[in-house]
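A.B. asks: Once you've had a glance at the structure underneath, I'll fire off some questions.
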Protein chains: 4
Amino acid sequence: MDDAASCGCGASRKAVAVDPAIKETNQKRLRRIEGQVRGLQKMVDEDRYCPEIMVQIASVHEALRAVGRELMRNHLRHCVAQAVRTGGSDAEAMYDELLDLIYTTSR
Amino acid sequence: MDDAASCGCGASRKAVAVDPAIKETNQKRLRRIEGQVRGLQKMVDEDRYCPEIMVQIASVHEALRAVGRELMRNHLRHCVAQAVRTGGSDAEAMYDELLDLIYTTSR
Amino acid sequence: MDDAASCGCGASRKAVAVDPAIKETNQKRLRRIEGQVRGLQKMVDEDRYCPEIMVQIASVHEALRAVGRELMRNHLRHCVAQAVRTGGSDAEAMYDELLDLIYTTSR
Amino acid sequence: MDDAASCGCGASRKAVAVDPAIKETNQKRLRRIEGQVRGLQKMVDEDRYCPEIMVQIASVHEALRAVGRELMRNHLRHCVAQAVRTGGSDAEAMYDELLDLIYTTSR
């Protein structure tokens, strides 16, 4: 499928386009998340109070959701928009994929 | 509050007790999660297809929930159990804290 | 904004279009959900075992999510698709609204 | 298992005890939720703007979570507390049930 390839859905699995600002924000966020996870390891090593560790875990969840949200924005702007403009079964397939994505990943 | 201190709720913020098996499982899980987060950084660097990155993010959420669940188990076994046996306002305060914890962190 | 009105975002707050199959499915689901809520009332009246009631509540959450998912599908097919085709600031505004919607309602 | 029966886990599936204030609050909440669900039916009948209906659905989810939270409080106060005081395998079984309950119903 030609449009699938151009859309990054093919073998290469590349995004059709990535906004530089979104990419940089997400790189920065993921480095911070890596640091948070190392912080969690330290808390576990030190037998810290469990609810305190759990609150930190909740903050990593929040940070990951922020990354996912920007990826979703990029996906809407480029991949979904392209499928909508193509229309027909491509658009329907994209809505199905998008609904699965929303309900499995946006929690 | 004396019992708060012994329960790790005081300045030291230590868990009253940590089961070694839970601790080791969580240390292993958090190292794997750190690796997953570095994998996410690579995916973002390489402009991978956004939904594919989001599915990986969902898997990090799942892995973090598994850590939280074991921390909750440890918390129930030791800290909550201690407060229940003490009873009275200590138990009520623990239920309040536990409900907050459940509804803010178990998502 | 003309397109906003045609898109149902205006005073009338109507959907730009609703697929009859989606509408009928959702009407049926919501009647069943009403019955489930009355079932919950009965369980509370009868002092049923709390975890048993909580499992029923989880099933109402699931049923509501299924309704939300079909509404999201209808929204993508009609309102979002229209905004994408219009492009420009309309499309960007729609992505912002959609991201808010996804992250506040799809939990 | 004798304690299971007294705990409401047996055939009767009754709560071991229900605080009257919790029961009344939940009865009131569930009647209001029933009204909200009827409101959703009306919105669907009238082809209202999908995101507007979804925001109302989110508010029903919130209201249901508030009911679940009070049921969890009652469960901690009575059933869990009883199992903790009994100790041993009863307590462990209760923690397992509680963890399942937390991670399947508190979302």
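A.B. asks: Only one of A:Glu70, A:Glu46 is in contact with a strand residue (DSSP E or B) (Cβ under 9 Å, 6 or more places away or on another chain) and modelled with pLDDT of 95 or more. Can you tell me which?
C.D. replies: A:Glu46
A.B. asks: With the condition being open to solvent by 10 Å² or more (accessible area, probe 1.4 Å), touching a residue at least 24 places away in the same chain (Cβ under 8 Å) and more than 9 Å from chain D (Cβ to nearest Cβ), I'd like the helices (runs of 4 or more DSSP H) fully within region C:21-107 carrying at least 2 qualifying residues.
C.D. replies: Values: elements: C:50-75, C:81-86, C:88-105.
Here the list reads C:50-75, C:81-86.
A.B. asks: Filter region D:28-83 down to the residues that are over 24 Å from B:Glu97 (Cα atoms) and of a type in the set (Val, Ile, Thr) and list them by number.
C.D. replies: Within region D:28-83, D:Ile33, D:Val37, D:Val44, D:Ile53, D:Val55, D:Ile57, D:Val60 qualify.
The values are calculated or read from the model by the stated rules, or taken from the named source; none is laboratory data. Quick caveat, the model's predicted, so the values are computed rather than measured. Quick reminder, even Gly has a Cβ in these numbers, built from the backbone with ideal geometry, and neighbours come from all protein chains shown. Heavy atoms of the whole protein, side chains included, go into the accessibility calculation; ligands, DNA and RNA do not. Shrake-Rupley method; radii C 1.70, N 1.55, O 1.52, S 1.80 Å.
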